[in-house]
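A.B. asks: One structure coming up, written as structure tokens, with questions to follow.
The values are calculated or read from the model by the stated rules, or taken from the named source; none is laboratory data. All figures in this text were calculated on a predicted structure; none of them were measured in a lab. Methodologically, a virtual Cβ is constructed for each residue, glycine included, from the backbone with ideal geometry; neighbour enumeration extends over all protein chains shown. The protein model used for the area step is the full one, side chains on, heavy atoms only, and it has no ligands, DNA or RNA in it. Shrake-Rupley method; radii C 1.70, N 1.55, O 1.52, S 1.80 Å.
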Amino acid sequence: SSARELGWFRFVGQLLGLALRQKETQLPLNLPSLVWKQLVSQPLDESDLRGTDELCWQSLQKLRTIDQEGVDAALFGDVIFETFQAQLSDGSEVELLPGGRHSRVTFESRHDYCDAVLAARLRESRQQCDALLQGISLVLPQRLLSLFT
């Protein structure tokens with residue numbers, strides 16, 4: 001995100017802080033757990049990815065258990081063509097390890113790949129959530145946010 005976009009996230013955070021502080025102001029927001037957990041410092045897990053990108057979550061689950069479908073190490077390279085990079089929600093590609101775009105996922109490394117994709121997807125909104133939290137903190141003490149979960 002650009003500095004300008006992060007400024008807008010801080011502004012929205014201030015609005016959220018005001019709404020939480022005042023009974024008269026209500027913002028009927030249904031934030032995904034991927035966002036609100038970051039705002040209240042709760043750990044993220046696979047269910048948070050599932051709540052925002054079901055298809056990605058399903059793909060990772062299928063890849064983890066591909067051996068149950070009869071795919072073994074010998075057959076894996078014929079049906080899976082992934083490298084150690086992931087597509088983020090904005091369509092951009094990120095390498096999951098140095099030189100990842102040139103490193104093929106193997107039967108043996110598939111769990112490492114899935115863990116790396118999950119980690120990348122769960123942290124991709126960290127900067128925006130930090131900006132929201134900065135805005136909220138200008139209006140409401142951050143330690144009070146956990147009371148709203």
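A.B. asks: What are the residues in region 50-65 that are over 12 Å from Cys114 (Cα atoms) and either open to solvent by 50 Å² or more (accessible area, probe 1.4 Å) or not in a loop (DSSP other than H, G, I, E, B) (or both), if any? Please lay out each step first, then the result.
C.D. replies: If we filter region 50-65 for residues that are over 12 Å from Cys114 (Cα atoms), which is where we start, we get 50-55.
Passing the criteria: Arg50, Gly51, Thr52, Glu54, Leu55.
A.B. asks: So Val139 ticks every box in (1) part of a strand (DSSP E or B); (2) β-branched (Val, Ile, Thr); (3) over 14 Å from the mean Cα position of the chain (by Cα) but one. Which box is left unticked?
C.D. replies: The one condition Val139 does not meet is (1).
A.B. asks: Separate question: Could you list all residues from region 110-141 that are polar (S, T, N, Q) and surrounded by 15 or more Cβ atoms within 10 Å (Cβ to Cβ)?
C.D. replies: First, pick out the residues of region 110-141 that are polar (S, T, N, Q): 125, 127-128, 134, 137.
If the condition is that a residue be polar (S, T, N, Q) and surrounded by 15 or more Cβ atoms within 10 Å (Cβ to Cβ), then Ser125, Gln128, Gln134, Ser137 are the ones that fit.
A.B. asks: Moving on to the next point. Does any residue in region 57-76 that is in contact (Cβ under 8 Å) with a residue 24 or more places away in the chain come within less than 6 Å, Cβ to Cβ, of a residue that is of a type in the set (D, E, K, R) and surrounded by 12 or more Cβ atoms within 10 Å (Cβ to Cβ) six or more places away or on a different chain, and which pairs are these?
C.D. replies: Leu63/Arg110
A.B. asks: State all residues of region 21-40 that are open to solvent by 70 Å² or more (accessible area, probe 1.4 Å) and at pLDDT below 90; if no residue qualifies, say none.
C.D. replies: Within region 21-40, Arg21, Gln22, Lys23, Glu24, Gln26, Leu27, Pro28, Leu29, Asn30 qualify.
A.B. asks: If you scan region 74-99, which residues turn out to be surrounded by 11 or more Cβ atoms within 10 Å (Cβ to Cβ) and small (Gly, Ala, Ser)?
C.D. replies: Quick first cut of region 74-99, residues surrounded by 11 or more Cβ atoms within 10 Å (Cβ to Cβ) only: 75-77, 80, 82-89, 93-97.
The answer is Gly77, Ala86, Ser89.
A.B. asks: In this structure, does Val94 turn out to be more than 27 Å from Gly51 (Cα to Cα) and not in a helix (DSSP H, G or I)? Don't jump to the end; show me each part of the working.
C.D. replies: Numbers: more than 27 Å from Gly51 (Cα to Cα): no; not in a helix (DSSP H, G or I): yes.
Spelling it out, it is not the case that Val94 is more than 27 Å from Gly51 (Cα to Cα) and not in a helix (DSSP H, G or I).
A.B. asks: Could you please give the count of residues in region 1-20 that are of a type in the set (Lys, Arg) and either touching a helix residue (DSSP H, G or I) at 6+ places or on another chain (Cβ under 7 Å) or surrounded by 13 or more Cβ atoms within 10 Å (Cβ to Cβ) (or both)?
C.D. replies: Residues of region 1-20 that are of a type in the set (Lys, Arg), as a first pass: 4, 10.
Right, trim to either touching a helix residue (DSSP H, G or I) at 6+ places or on another chain (Cβ under 7 Å) or surrounded by 13 or more Cβ atoms within 10 Å (Cβ to Cβ) (or both) and you get 10.
Within region 1-20, residues that are of a type in the set (Lys, Arg) and either touching a helix residue (DSSP H, G or I) at 6+ places or on another chain (Cβ under 7 Å) or surrounded by 13 or more Cβ atoms within 10 Å (Cβ to Cβ) (or both) number 1.
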